[in-house]
Amino acid sequence: MLIVTGKEIQVLVRERGALAVLFLLPLLVGSLYGTMQTQMARDSEANPIFLTVALANLDAGTFGVELSKALHGISILEVVEPETPEEAEAIVAEGRATAAIVIPADFTAQVDAYEPTQITVILDPADPQRAEIVNGIMKAAVSEVTIWGEVQYGVRTVLRDSGLLDDADPEAQRAAAAQSLGVIMTRINELRSDPPIRVSSEDLQGATVEGGITVFLAHMFPGITVMFVFFVVGVAGESLLHEREVGTLRRLLASPIPKAAVIAGKVLAFTLLVCLQVVVLFGTANIAFRMPLGRAPLALILLTVILGLVASALGMLVASFSKSAKQADSAGMILSFVLAGLGGAIAISQFPLARSGGPMATVAQLTPHAHAIEAYYRLMAEKGTLVDILPQLAVLLGMALLFGAIAARRFRFE
């Protein structure tokens, strides 16, 4: 078996065209796709999607002005300021704004007097999701004013009830209240920027949970890698049938080498090729795009080896059903694309297709691609262990044994 493996590796090294398809093409596709997704993530952070709101601020007091400044300072809001509430509502009705915000004329006076007040937010019912975002932003902004009003009222009450400033003139009383209020609010803002209690997200094993583009890359690159791994199917099938056509297979059988060793040697050679593919693609993705590799290297190696066995065994199976080397190559290429599509090898969402539910997820479970991608995702994005991917490993190993058994039974060496 090892003799056949060594011979096959020497042949593969000379096949520069096949090596380009198996290595350079996935590197090119993965790099372009990864660069595009990374740039889109950066652009979305630097240039977020704007929500247009119409702000009618009828209050010229401190709190009305500060609230208006706060809304203008929110990066995802594009604030337009009509002169009247009616104009603001008309802008929403025409679809030019997601919501209209009306700050009443007595807003500052009511907050200063510690009296209930109200800000009106008119939402566009045709765009409920964006409207809900604006509503949440306004609740957060108003809560800031509420805190300020509560603290201001508390300071004034303490100073009044304590009697410390009874002999001071009104200006001194206001200055003392303003100074106390400023000290308290400054401390509150310091606690917000550097909170004494921090929240971190970890999994059950204590590892920090990744998110955003990092998790997507841990889905995207394994998907592309698995898709190109199965390009080996056509190459392996063509290799076996080409040897039968030119007569070298007959020479191998004439030597003291069992038939099973010939098939096993070829499967091992292409399995090693798949492992090299994964090392090159994952290594590039990790270095160039900081794709996580998880924390279970042995599980990652075992998964890759079994994936190589599945792809190589499927190549032998295609060869057993093909009449010529060219037909095996074409059938293997078509089968690779079909299985990649059904198995969700091209990432269109953050999670593997098998997790989406519905008929497509059920169909995906019938392909080795879906199980391999799910296993890689668990290891790399979710920092899983060997135990976490045992179901996927069992399915992939079962597929490899099934494909190999059928190929060994059907293939004709003569």
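The values are calculated or read from the model by the stated rules, or taken from the named source; none is laboratory data. Every value quoted in this text rests on a predicted model; they were computed, and no experiment measured them. Don't worry about glycine lacking a Cβ; one is built from the backbone with ideal geometry, like all the others, and counts go over all protein chains shown. Each accessible area value is taken on the protein alone, full model and side chains, heavy atoms only, with ligands, DNA and RNA left out. Shrake-Rupley method; radii C 1.70, N 1.55, O 1.52, S 1.80 Å.
Brief remarks on what is shown
- The lone exception for Ala345 - which of (1) under 14 Å from Phe228 (Cα atoms); (2) outside any helix (DSSP H, G or I); (3) in contact with a Phe, Trp or Tyr (Cβ under 6 Å, 6 or more places away or on another chain) it fails: (3)
- Residue that is farthest from Thr117 (Cα to Cα), among those in region 136-151 that are of a type outside the set (A, V, I, L, M) and at pLDDT 75 or above: Gly136
- Residue check for Ala299: closer than 15 Å to Ala218 by Cβ, part of a helix (DSSP H, G or I) and open to solvent by 60 Å² or more (accessible area, probe 1.4 Å): no
- Of all the numbered requirements in (1) farther than 26 Å from Val215 by Cα; (2) outside any helix (DSSP H, G or I); (3) open to solvent by less than 50 Å² (accessible area, probe 1.4 Å), Ala407 misses one, and that requirement is (2).
- Helices (runs of 4 or more DSSP H) within region 213-254 that include 2 or more residues surrounded by 23 or more Cβ atoms within 10 Å (Cβ to Cβ): 213-229, 232-246
- Meets criteria (open to solvent by less than 10 Å² (accessible area, probe 1.4 Å), in contact with a His (Cβ under 7 Å, 6 or more places away or on another chain) and either over 19 Å from Leu22 (Cα atoms) or not aromatic (Phe, Trp, Tyr) (or both)) for Ala345: yes
- Tally, over region 338-373, of residues that are touching a residue at least 12 places away in the same chain (Cβ under 8 Å) and more than 21 Å from the chain's Cα centre (by Cα): 5
- Any chance Thr362 is under 21 Å from Ala269 (Cα atoms), part of a helix (DSSP H, G or I) and either modelled with pLDDT under 90 or polar (S, T, N, Q) (or both): no
- Per-region count, region 76-89, residues hydrophobic (A, V, I, L, M, F, W, C) and open to solvent by less than 40 Å² (accessible area, probe 1.4 Å): 3
- The condition (being open to solvent by less than 60 Å² (accessible area, probe 1.4 Å) and on the phi < 0 side of the Ramachandran plot) is satisfied by just one residue among Ala93, Ala100, Ala105: Ala100.
- Evaluation of Gly265 against (1) out of contact with any Asp or Glu (no Cβ under 8 Å at 6 or more places or on another chain); (2) open to solvent by less than 30 Å² (accessible area, probe 1.4 Å) (one fails), failing number: (1)
- One residue stands out in region 255-265 among those that are in a helix (DSSP H, G or I) and among the aliphatic types (A, V, I, L, M): the one that is farthest from Glu8 (Cα to Cα), namely Ala260.
- Filtered by the rule that a residue be touching a Gly at 6+ places or on another chain (Cβ under 8 Å) and touching a residue at least 60 places away in the same chain (Cβ under 8 Å), region 273-286 gives Leu273, Leu281, Thr284, Ala285.
- The set of residues in region 377-394 that are out of contact with any Leu (no Cβ under 7 Å at 6 or more places or on another chain), part of a helix (DSSP H, G or I) and surrounded by 20 or more Cβ atoms within 10 Å (Cβ to Cβ) comprises Tyr377, Arg378, Gln392.
- Criterion (open to solvent by 50 Å² or more (accessible area, probe 1.4 Å) and among the small types (Gly, Ala, Ser)) met by exactly one of Ser336, Ser330: Ser330
- Beta carbons closer than 6 Å, at least 6 apart along the sequence or on distinct chains, pair a first residue in region 287-311 that is under 14 Å from Lys383 (Cβ atoms) with a second that is open to solvent by 50 Å² or more (accessible area, probe 1.4 Å) and at pLDDT below 90 for Leu293/Asn286.
- Cβ-Cβ under 7 Å pairs, at least 6 apart or on other chains, region 54-70 side within 20 Å of Glu87 (Cα to Cα), far side in a loop (DSSP other than H, G, I, E, B) and among the hydrophobic types (A, V, I, L, M, F, W, C): Ala54/Ala97; Leu58/Ala105; Asp59/Ala105
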